[in-house]
Each structure stands twice: as C-alpha cells, then as structure tokens.
Amino acid sequence: MNDMKISTKNILNELANNYPDQTSFRKNIIENTGKSMGYTGKDYNPLMQKENRVKIGTYDLSALLQPVETNVIDISPKAKMQSIVNEEKSFAKADPTFVPWGAFGDIVKMVKSEMFYPVYVSGLSGNGKTFMVEQACSKLNREFIRVQINPETDEDDLLGGFRLINGETVFSKGPVLKAMENGAILLLDEIDRATNKIMCLQGILEGKPVLVKKTGETITPKAGFNVIATANTKGKGSEDGRFTAASIIDEAFLERFTVAIDQKFPSPSIETKILNNHMTKFGADDTDFVEKLVTWADIIRKTFYDEGVDEVISTRRLCHIAQTYSIFNNRAKAIDLCIARFDEDTKSAFLDLYSKVDAGVEEIEATEAVAPTHEEIFGED
C-alpha cells in the first residue's frame, strides 16, 4: 500500500466509500470508478493484478483495503485540489411592496432560531412562496442563496464540479456547499421539478457533514445553515395536470423535511395592500381599480376551487396587471394583455366577469362569458 501511487490509493478509497460492505470488485466497476475521477488505466490497472484476481473479471482487493486511507488530498489529475468558491455573499433586499401574511411570521421564527430545520413550502404558482422566504431573510439580514431547480439539475449544479480556470482544472464549490460553509439559508426553488439527481442532498437534509467525493473534502454545516424548499405540489406529482413538469419526489427524501407549509393566496384585505403598494411603486394611483381587481380574482379562485374553471388569477398576475395599467392607463387593456396566455373561452369569461365587477353587478360567476369587443378593450385605432 505504501508503494502505491496516490492516484491509485484515491481510486481504492473511492471504492471503499461507495461499496463499504464489499472487498471484491468487477473489472468494469474499478475502471468506471477511476474514469469518473479523471484517471486512466495507469492509475487503476495496478488494482487488477494477477495476484488479486479471484475469477475472470473479478478482483479481491481486501489486502489493499486494510487499512483504507482517508482524506488523501491529491484526488485526481483533474484538480490541483484547490477548491474555489465565490466569496461574495448574497443578501436579499427589502422590497417596499411586501406585506407580511400567512406563514411569514413562522418562517421568520425558524430562520431566526438558527436551528437546522428543513422546511417544505407548497402552493399554487404566483402566491408568494419564494418572495416570502426572501423577505424573511432580508428582515433578519441573513445570507440567502437561491437555487432554481429544473429537471436537468444534478450533483454538479448543487455541490459543485470541475472548472477550467487560468489553464488549470479546479473544483468549484456549488451553492449548496457555499450555503453550508457560510451558515446561509438555502432556497431550493420549485424542487418538485427535480428528478432523482437531487438525491445527493439526502444526507444534507439531515444536517450532517457531507463528503465531497470529487475532492475528498468533508464540509460541515456552519450554525445557521438551513434548507427551505418551495414547490407547486406536495411532491406527489400534479394530480390535475396543471404542473406537467412536477415529478413524484422520493418519499424518503420528503420525510427529511421537518415542517411542511401549505401556502394559500392572501386574503382580499392583504391582497389589496399588496396591489396598492405595487400601484405606488409604478407611479399609478387607482384604489377603486385595485378593489375591483381583488374582488374579480377572489370570484375566479372560488370558482376554480369548485372546479368551475381550469385557470386561476394569482397574486403575481394581479401585480402584472397593476404594472401594465401604469403604462396604458386602461383597465380592460391591462387585464386583456396580462391574461392573453389563457385559451379564448377562459379569457372571454374572465374579461366579461371583470366588466360585471366593474359595473357593480352582484351574484356573478366566473363561468359566465360574453366577451367585450376589441374596440371596447383597446379603443378605436
């Protein structure tokens, strides 16, 4: 063992870490392990000597595995073993449009405690989940690192990978390791869009140190580190097909979240404050329009929950309408432009509903549809 090259020792260590109950290995396992670390045959072939062969294609490495050396620094020719990380810290800015509501107070308490307390926040798109976590961190001046999850997100994106810098290949730490080392709040946004590639986070969700296989370095989470995940579903897939990219998350993975929060849309009174703040931000002032928008959205949501319509107006979309209104100063046009992605029947029904809300009609439903004309919305050319 003492005469063995460092690179060969590293491959041996990797085999021991990946297969702790195994001492005999197939040739392809040894080769693939070495190649995954950036090594070549000259590095892993010494493990496949004739004296180690127990049968064709299988090698007993028990003599070499006693004892297994750990924390070997020069793990691969790919890396000079200088791990680099962006030292610049990220802090969320306070947003003057934000209005505390729902689980905001609970999130603040969890973040303030500096306990490791993984939280899973679910709710329909556009109801302020991410914004709420961001503003909780801003209030407490806590470092906030957001990772946007998608079906392609993998271990390299999360923990880090090799990068070519100044002609040398070095290991660049990813956002998860950075958050652990800095004691930051890590937000895994839209985690239900992930695949099983995120299972590399399972140990991290237990608050344990993580061994970075590519470097041999062990990262221990600093006090204050926590993980908050947001999702449109509860990790069981999208039952109604609204979120086609939503995946079914492994139950063992979900079980590691201490707390689950189901976020609803804000109440009409809170939403009125939010929209008035946005109107002020964009230089508009129309409290009557705000009140009618909130009433309109509330009717649509109630109809949506009763399965009367397939679409819903989110708080985010109401804020988009407020911004558009500040540009065109035309209520119907602002709404029309901001719901144009809906199918024609839904769009017509929603426009007609708003016209009735605007006119003060009582006892109306979102399913009634008589669309206003193009001229009524946009005016004559």
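Bear in mind that the values in this text are calculations on the coordinates, not laboratory data. What you are looking at is a predicted structure, and each value in this text was computed from that prediction instead of being measured. Don't worry about glycine lacking a Cβ; one is built from the backbone with ideal geometry, like all the others, and counts go over all protein chains shown.
Sequentially through the stretch 267-284, phi angles give Karplus couplings (6.51, -1.76, 1.60; θ = phi - 60°) of 5, x, 5, 5, 5, 4, 5, 4, 5, 4, 4, 5, 4, 5, 4, 9, x, 10 Hz, Gly and Pro residues having no value and appearing as x.
Cross-link partners of LYS9 among lysines, defined as those whose alpha carbon lies under 21 angstrom from its own and excluding same-chain residues fewer than eight positions apart: LYS27, LYS35, LYS42, LYS50, LYS78, LYS80, LYS213, LYS214. If R0 is taken as 35 Å, the Cβ-Cβ distance between THR280 and GLN148 corresponds to a FRET efficiency of 0.75.
Between helix 344-358 and the chain there is an angle of about 50 degrees, using the helix long axis and the longest principal axis of the Cα atoms. Rounded to the nearest 10 degrees, the inclination of helix 129-139 to the longest alpha-carbon principal axis of the chain is 80 degrees. Given the alternatives (1) 0.93; (2) 1.13; (3) 0.98, Rg/Rh (Cα atoms, Kirkwood Rh) as computed for this entry is given by (2). Backbone amide hydrogens, once placed in the peptide plane, bring VAL121 within less than 5 Å of ALA229, THR230, ALA231, ILE261, excluding anything fewer than 5 places away on its chain. In this label model, ASP306 and CYS200 are separated by 4.9 nm, measuring between points 7 Å along each Cα→Cβ vector.
Normalised by the number of residues in the chain, the mean separation of alpha-carbon contacts (under 8 Å, six or more apart) gives a relative contact order of 15 percent. Site pair ASP250 and GLU291 shows an inter-label distance of 5.4 nm when each label is modelled 7 Å from Cα along Cα→Cβ.
Mind checking the angle between helix 287-305 and the chain's longest principal axis? C-alpha axes, 0 to 90 degrees, to the nearest 10. Its long axis makes an angle of about 60 degrees. Scalar couplings 3J(HN,Hα) for the stretch 227-236, obtained by applying the Karplus form with A = 6.51, B = -1.76, C = 1.60 to θ = phi - 60°, are 10, 10, 10, 10, 7, 7, 10, 9, x, 9 Hz; x denotes Gly and Pro. Ordering THR220, THR8 by the number of other Cβ atoms within 10 Å of each residue's own Cβ, fewest first, gives THR220, THR8. Listing CYS338, CYS319, CYS200 from fewest to most neighbouring C-beta atoms within 10 Å gives CYS200, CYS338, CYS319.
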